[in-house]
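The values are calculated or read from the model by the stated rules, or taken from the named source; none is laboratory data. For clarity, every value in this text was computed on a predicted model and none was experimentally measured. When we count neighbours, we look across all protein chains shown, and the Cβ atoms used for this are built from the backbone with ideal geometry, even at glycine. The area values use the complete protein model at the heavy-atom level, side chains included, leaving out ligands, DNA and RNA. Shrake-Rupley method; radii C 1.70, N 1.55, O 1.52, S 1.80 Å.
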Amino acid sequence: MNPLTLIRPNIAQLIPYSSAREEYSGAAGIFLDANEFPVGTYNRYPNPEAKTLTSVLAAQIGCTENQLILGNGSDEIIDFVQRAFGIPGTDSIIVCPPTYSMYEVYANINNLQCIRIPLTADFQLDIPKILAQKAKILYVCSPNNPTGNDLENIEILLQNFEGIVFLDEAYIDFSPNNSKIELLHNYPNLIIAQTLSKAKGLAGLRLGIGIAHPELIAVLKKIKPPYNVSQANQELALQAVQNWDPASVEPLIKEREKLVEALNNIAWVRRIFPSVTNFILVEMNEADRVYTFLTNRNIIVRNRSKDVPNTLRITVGTPEENELLLKTLAEFQ
């Protein structure tokens, strides 16, 4: 399929804003073109393409620079895609709950119908039901939040779904399975999102990554604000990703397994769902009471009982934080 045929007609015809920093690409000089204050540490507008950071990220991810777009968190990438492809009041998206709720929130903001096709009992994609629906965009989160597991049969969807498949890989750095980035060569309707908020430890910077065919990235850049990633964030992110070691997640994974083992020994814990992320979903007796008990002791977990009955989602913390969590849970009656 040609995903360019799915673009909103007005977006396809849109002439994007041309910023001062885009119109001049030469060496640094006396800049009198952007109405900036002439002195200061961050008085100049940042590079609109975040070129240095994009170059490093492309090399680490294994793609070309023209396959990347950076966003103010991956939430902005989610929004870009909906605005590029979804005609308000006409088109729809598909989400597979329980999953990340911002897909549906943005659908409501952008006036797109949201078709909800729940995951199966073992938290996998319901392929027949998904393919029975027509929608512009299908959102798939793998590893999935809040369940913590990798989703299977994504390539089957890419082969058969007649729309954009948005694959959210926010937690991919924790998973033993590799990113699906190699599928971009065969499926031009695939858009992958990654983030610096999780394994890279940069949630406070709000930097997300969109990865897709260069022609799709060019469309998303047409609707991107010209300076959506600040100069300070570009510099801090560059320093962090240049020094990041993939092995840095290994201590956290060991802590996750220790936490799972300890929680399994608590009588009122019913089930701990398998996780390849930095969190675990725990089914228990009286989840609401446990949640209140913990928050009253200043230990904040996430109550996901509205999505998966009687569950709390627990992020793996430092060894000291995990030990305090377990000690506190032992006092629950």
(request) Filter segment 215-240 for residues that are open to solvent by 60 Å² or more (accessible area, probe 1.4 Å) and farther than 19 Å from Ser55 by Cβ and give the result. (result) Glu215
(message) Among the residues that make up segment 109-125, is at least one of them open to solvent by 10 Å² or more (accessible area, probe 1.4 Å) and part of a helix (DSSP H, G or I)?
(response) yes
(message) Restricting to segment 13-45, and then to whatever is surrounded by 10 or more Cβ atoms within 10 Å (Cβ to Cβ) and assigned to a helix (DSSP H, G or I), can you tell me which residue is farthest from the chain's Cα centre (by Cα)?
(response) Ala20
(request) List every residue pair whose Cβ atoms sit under 7 Å apart, with the two residues 6 or more apart in sequence or on different chains, where the first one lies in segment 262-284 and is on the phi < 0 side of the Ramachandran plot and modelled with pLDDT of 95 or more and the second, anywhere, is among the basic types (Lys, Arg) and open to solvent by 30 Å² or more (accessible area, probe 1.4 Å). (result) Asn278/Lys198; Phe279/Arg313; Leu281/Arg313; Glu283/Arg270; Glu283/Arg271; Met284/Arg270
(request) Quickly run through segment 46-102 and pick out the residues that are within 20 Å of Arg8 (Cβ to Cβ), assigned to a helix (DSSP H, G or I), open to solvent by less than 10 Å² (accessible area, probe 1.4 Å) and out of contact with any helix residue (DSSP H, G or I) (no Cβ under 6 Å at 6 or more places or on another chain). (result) Ile77, Val81
(request) Tell me, yes or no, whether segment 304-318 has at least one residue that is surrounded by fewer than 16 Cβ atoms within 10 Å (Cβ to Cβ) and of a type in the set (A, V, I, L, M, F, W, C). (result) no
(request) Return a yes/no flag: does segment 171-186 have any residue that is under 12 Å from the mean Cα position of the chain (by Cα) and either of a type in the set (A, V, I, L, M) or closer than 23 Å to Glu104 by Cβ (or both). (result) yes
(message) Among the residues in segment 212-223, are any touching a Gly at 6+ places or on another chain (Cβ under 8 Å) and closer than 28 Å to Gln234 by Cα?
(response) yes
(request) State yes or no: is Ala212 of a type in the set (A, V, I, L, M, F, W, C) and either in contact with a Phe, Trp or Tyr (Cβ under 8 Å, 6 or more places away or on another chain) or open to solvent by 30 Å² or more (accessible area, probe 1.4 Å) (or both)? (result) no
(message) With of a type outside the set (Ser, Thr, Tyr), more than 28 Å from Asp173 (Cβ to Cβ) and surrounded by fewer than 18 Cβ atoms within 10 Å (Cβ to Cβ) as the only criterion, which of Asn264, Asn243, Asn296 stands out?
(response) Asn296
(message) For segment 270-293, which positions are farther than 18 Å from Leu252 by Cβ and open to solvent by 20 Å² or more (accessible area, probe 1.4 Å)?
(response) Arg270, Arg271, Glu283, Asn285, Glu286, Asp288, Arg289, Tyr291, Thr292, Phe293
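Counting only residues that are open to solvent by less than 40 Å² (accessible area, probe 1.4 Å) and either of a type outside the set (S, T, N, Q) or in a helix (DSSP H, G or I) (or both), how many does segment 168-187 have?
10
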